[in-house]
Amino acid sequence: MMVLVRDSKTDKAILGHIVLDDALICYTCENREKAIPAGLYSMQNSKSPKFGRELPLIYGDKVAASRGVRIHAGNSYKDSSACVLVGMGRNGEKLTESKLAETMVTMLCRNVRKLAIVEG
């Protein structure tokens, strides 16, 4: 199971990191106003109609799959509605090397089907 640890908040963003088997995978950024609640979610890769490529879809009791909450590349909270943005590095509220992180997380999610989001 992947774990997204939300480790800090600003007025506009929730910042965190994703771990798998206690290993750091990448950093995250979410739009604070639109972020999904902490909890346990299912994940499944599927082609995103919005982005036109395979991305992890997050869904469960608190978030319907039809909402289209995804894990994808982005640089700041402004690039997210309710999705989890990923990057290989973090500089303040900005993520770096987002495309690389998206590719890596998407590949990992072909085998990992659960995501726990926790407040750190």
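The values are calculated or read from the model by the stated rules, or taken from the named source; none is laboratory data. All values reported here derive from a predicted model rather than from experimental measurement. Ideal geometry is used to build each Cβ from the backbone, glycine not excepted, and the neighbour counts take in all protein chains shown.
Within segment 76-101, can you find the residues that are in contact (Cβ under 8 Å) with a residue 24 or more places away in the chain and either assigned to a loop (DSSP other than H, G, I, E, B) or touching a Pro at 6+ places or on another chain (Cβ under 9 Å) (or both)?
S76, S80, S81, A82, C83, V84, M88, E93
Could you tell me which residue of segment 22-34 is farthest from S80 (Cα to Cα), considering only residues that are surrounded by fewer than 21 Cβ atoms within 10 Å (Cβ to Cβ) and at pLDDT 95 or above?
A23
Which pairs turn up if I take residues in segment 61-75 that are over 15 Å from C26 (Cβ atoms) and surrounded by fewer than 14 Cβ atoms within 10 Å (Cβ to Cβ) and look for partners that are among the hydroxyl-bearing types (S, T, Y) and modelled with pLDDT of 95 or more with beta carbon separation below 7 Å, at least 6 apart in sequence or on another chain?
Short answer, once both residue conditions are applied: A65/Y59.
Within segment 83-118, restricting attention to residues that are modelled with pLDDT of 95 or more and among the small types (G, A, S), which residue is nearest to Y41 (Cα to Cα)?
Among them, the one singled out is A116.
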